[in-house]
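Reviewing the structure listed below.
The values are calculated or read from the model by the stated rules, or taken from the named source; none is laboratory data. No experiment lies behind these values; they were computed from the predicted model shown. All Cβ positions, glycine included, derive from the backbone under ideal geometry; neighbour counts span all protein chains shown.
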Amino acid sequence: MTRDGAHRPAVWFTTARAHRFDYRDSLLGRFEKMLGAFPLGESVAEEEVVPVKIHFGSRGAIQTIRPPFVALMVAALKSLGAHPFVTDSVRMLGHEYLEIANRAGYNQSALGAPVLLADGIFGNDSIEVDAGEPVGTQCIASAIHDAPSMVVMSHVKGHIQAGFGGAIKHLAMGGVCSHPRCGGWEKGRGRAHFTLGTIPNWKGAPPCTLCGTCERHCPMAAITIARRAWSVSDDCWRCGRCISACPAQALHTPKDDGLFQRALAAQAAAVMRTFGPGKVVFANFLLEMQPECDCMDICDVPMVQNVGVLMGKDPVAVDAASLALVAKAPLLKGSRADALGAYEGRDPFGAVHLKSSWGQVERAAELGLGSLEYELLEFPFAAR
Ligand code: SF4
Ligand code: SF4
């Protein structure tokens, strides 16, 4: 029971630690067994068309969830008589993003289900909803908005503005359309990134060295560098990638991390309101946890030792359990964790990004999205 007398939601956990040369004791084998025991059928009904929401990664970000885990989820949903499809919303030009997905092994032949863009090839197919303060009207990707149930498989890692990314950030940033047909960037996911600003602001040359890095990273080809001047067009969808990528800190937008975390919680709640109670299942993968988001065009070495996989129906509880397990996991030498020195805190991703990862989780709990208290059910080793 929680402090106010409610039942604590269950969070299932299986460890990445293997003890025997036996598939059943591998993480994949244990995940398969956990999926077989998890009450997936309480959330997903026969004949439902179900998005399996993942992140496809980027050209250089390849530490996303490995395809065999996604294939097992697809098989589990099919065994219930459901019709799963694997999906993400557009994060760069849609046709390029599908190529990246295919190269990462997210395709029908590997996964056993179609791979679709939730907001269409142009990243604009979406339905308006009221997400409340501080983001207002937001456009949810149609294939998520219209679905009766959903599975969200999240790769846990760090994030420059949120501290860490898990289920809540995945719902928020992945469920909201990047480039809504009606209403422009303010009704899309860029609204959370640019809550205080309207467009990346160039500080001039110097400090800009006219290196062109931002131009190469812009998913919309919205940046032009010509005659020693920098400009950005109205095609900018406010992803913030250029600002993060600039090696000279020559681009800027006013930021408020607390406001960003409130915006994430509001967007996540708006996505969840498009489903009935208990109709969304979450699986957090605490593996290859690099310091940055999989949207960026690189992957760094992981900061924290592999932990395992968590599953549950409460995104707040699943993220709270993820943060608690990350806090106990050994930091990895040679990674950005080295910058933490004699760190003795409990939030290594927050520590490298100079903010608390808990902000989004606590704000989501305040919005009624779930419980910070939970019951951790450790799934037993299959081979013992
Ligand atoms: S990445 Fe930064 S330094 Fe390079 S061109 Fe863009 S604004 Fe200038
Ligand atoms: S924020 Fe920067 S990288 Fe993103 S779309 Fe706008 S100009 Fe391009």
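Structure summary
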| item | result |
| --- | --- |
| Neighbours by Cβ (under 7 Å, 6+ apart or cross-chain): first from segment 224-241, within 13 Å of ligand 1 (Cβ to nearest atom); second of a type in the set (Phe, Trp, Tyr) and in a strand (DSSP E or B) | 230/202 |
| Scan of segment 29-48 for residues that are in contact with a Phe, Trp or Tyr (Cβ under 9 Å, 6 or more places away or on another chain) and exposed (fewer than 14 other Cβ atoms within 10 Å of the Cβ), ordered by number | 37 |
| Leading residue by the ranking (farthest from residue 13 (Cα to Cα)) among those in segment 347-384 that are touching a Leu at 6+ places or on another chain (Cβ under 8 Å) and of a type in the set (D, E, K, R) | 363 |
| Elements of type strands (runs of 3 or more DSSP E) in segment 229-339, at least 2 residues being hydroxyl-bearing (Ser, Thr, Tyr) | none |
| So residue 250, is it buried (at least 24 other Cβ atoms within 10 Å of the Cβ), among the small types (Gly, Ala, Ser) and touching a strand residue (DSSP E or B) at 6+ places or on another chain (Cβ under 9 Å) | no |
| Subset of segment 192-248 [closer than 20 Å to residue 264 by Cα, under 20 Å from the mean Cα position of the chain (by Cα) and within 10 Å of ligand 2 (Cβ to nearest atom)] | 193, 194, 237, 238, 239, 240, 241, 243, 244 |
| Filter result for the condition that a residue is surrounded by fewer than 17 Cβ atoms within 10 Å (Cβ to Cβ) and modelled with pLDDT of 85 or more, over 205, 192 | 205 |
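Listed here are the residues, each with its yes/no results for (1) over 26 Å from residue 30 (Cβ atoms); (2) surrounded by 16 or more Cβ atoms within 10 Å (Cβ to Cβ).
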| site | (1), (2) |
| --- | --- |
| 54 | no, yes |
| 59 | yes, no |
| 92 | yes, yes |
| 115 | no, yes |
| 120 | yes, yes |
| 129 | yes, yes |
| 147 | yes, yes |
